[in-house]
Amino acid sequence: MIKKCLFPAAGYGTRFLPATKAMPKEMLPIVNKPLIQYGVEEALEAGLTEISMVTGRGKRSLEDHFDISYELEQQIRDTDKEKYLTGIRRLINECTFAYTRQVEMKGLGHAILTAQPLIGDEAFAVVLADDLCLNLEGDGVLTQMVKLYNQFRCSIVAIQEVPAEETHKYGVIAGEMIRDDIYRVNSMVEKPKPEDAPSNLAIIGRYILTPDIFDIIKDTPPGKGGEIQITDALMKQAQNGCVLAYKFKGQRFDCGGAEGYIDATNFCFENFYKAGKVS
């Protein structure tokens, strides 16, 4: 069973400047909870209790968030405000957290490789916290993907259809349809122009990766932007074996930009906060 979930969280968050100048983008609040907490809750729901994070300079608040704050808890003990800590206390009690730093920003592939000492030789999930994924009608996205992994035992990427003019923002796949929501990947391109995109099926920030991905990343040269792209490594893995793409059930909000962030805030306020689900 998969138990480990990796959160690459070393990026600068430049799309949300100046808010992210001194604050990690992963700590941006959606109503009353930071993005990173939503991601860890999704991981825990899927049974992933060993949380690893790749951080960088100025990201210490991520570690502090998943730790006890004795002074704060003393101040609000036995008050009606204590209920607001229920959710984070559960994560602290039920998950373990390990951290390492990405000294240089060399792309998502490099960030994942940086976490190899934390992951070891086993399959693991990857969550990009600024992609907030929610499913009000059933299993969370990671839970859906873990169930698929238990069936197929190969790397899986989450995908969704995007407008053709937005393919330059994503890794884009094409492949053989196995089921109406599953494709066997045979082509994968990082941020193609609309005229060069193999489809409009875009990879979003949820992955399950088998451990051989680390050796593949080591042999992957820098690609677009001089960065080591995880899409390039996954394409090699697909050529040598099998990589699946999964059209998940639920909604995804791109919280790395203002429009998606506002949409996510409004959605969570209506469906969680007003409903009294505040923890």
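The values are calculated or read from the model by the stated rules, or taken from the named source; none is laboratory data. All figures in this text were calculated on a predicted structure; none of them were measured in a lab. Every residue, glycine among them, receives a Cβ derived from its backbone with ideal geometry; neighbour counts consider all protein chains shown.
Quick rundown of the values:
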| quantity | calculated |
| --- | --- |
| Residue count for segment 186-216, restricted to those that are closer than 25 Å to LEU113 by Cβ, among the aliphatic types (A, V, I, L, M) and over 20 Å from the mean Cα position of the chain (by Cα) | 1 |
| Test: LYS191 is touching a Lys or Arg at 6+ places or on another chain (Cβ under 8 Å) and either acidic (Asp, Glu) or surrounded by 15 or more Cβ atoms within 10 Å (Cβ to Cβ) (or both) | yes |
| Subset of segment 152-185 (residues that are under 21 Å from THR210 (Cα atoms), under 19 Å from the mean Cα position of the chain (by Cα) and β-branched (Val, Ile, Thr)) | ILE156, VAL157, ILE159, VAL172, ILE173 |
| Some residue of segment 163-179 being surrounded by fewer than 22 Cβ atoms within 10 Å (Cβ to Cβ), farther than 21 Å from GLY250 by Cα and touching a Gly at 6+ places or on another chain (Cβ under 6 Å) | no |
| Count of segment 3-42 residues which are in a helix (DSSP H, G or I), closer than 15 Å to ALA258 by Cβ and among the hydrophobic types (A, V, I, L, M, F, W, C) | 3 |
| Helices (runs of 4 or more DSSP H) lying entirely in segment 92-192 (those with 2 or more residues that are in contact with a Pro (Cβ under 7 Å, 6 or more places away or on another chain)) | 108-114 |
| So VAL31, is it within 17 Å of the chain's Cα centre (by Cα), surrounded by 12 or more Cβ atoms within 10 Å (Cβ to Cβ) and hydrophobic (A, V, I, L, M, F, W, C) | no |
| Residue match in segment 102-125 (condition: over 23 Å from TYR273 (Cα atoms) and of a type in the set (Phe, Trp, Tyr)) | yes |
| Single condition ALA46 does not satisfy, out of (1) closer than 19 Å to PRO117 by Cβ; (2) crowded, with 19+ Cβ neighbours inside 10 Å; (3) out of contact with any Phe, Trp or Tyr (no Cβ under 8 Å at 6 or more places or on another chain) | (1) |
| Filter result for HIS110 (surrounded by 16 or more Cβ atoms within 10 Å (Cβ to Cβ), out of contact with any Ser or Thr (no Cβ under 8 Å at 6 or more places or on another chain) and over 18 Å from LYS249 (Cα atoms)) | yes |
| Residue count, segment 41-93 (criterion: at pLDDT 95 or above, of a type in the set (Val, Ile, Thr) and more than 21 Å from the chain's Cα centre (by Cα)) | 0 |
| Extreme residue, nearest to GLU45 (Cα to Cα), among residues of segment 140-151 that are more than 15 Å from the chain's Cα centre (by Cα) and either surrounded by fewer than 17 Cβ atoms within 10 Å (Cβ to Cβ) or of a type in the set (Ser, Thr, Tyr) (or both) | LYS147 |
| Selection status of ASN271, out of contact with any Pro (no Cβ under 8 Å at 6 or more places or on another chain) and in a strand (DSSP E or B) | no |
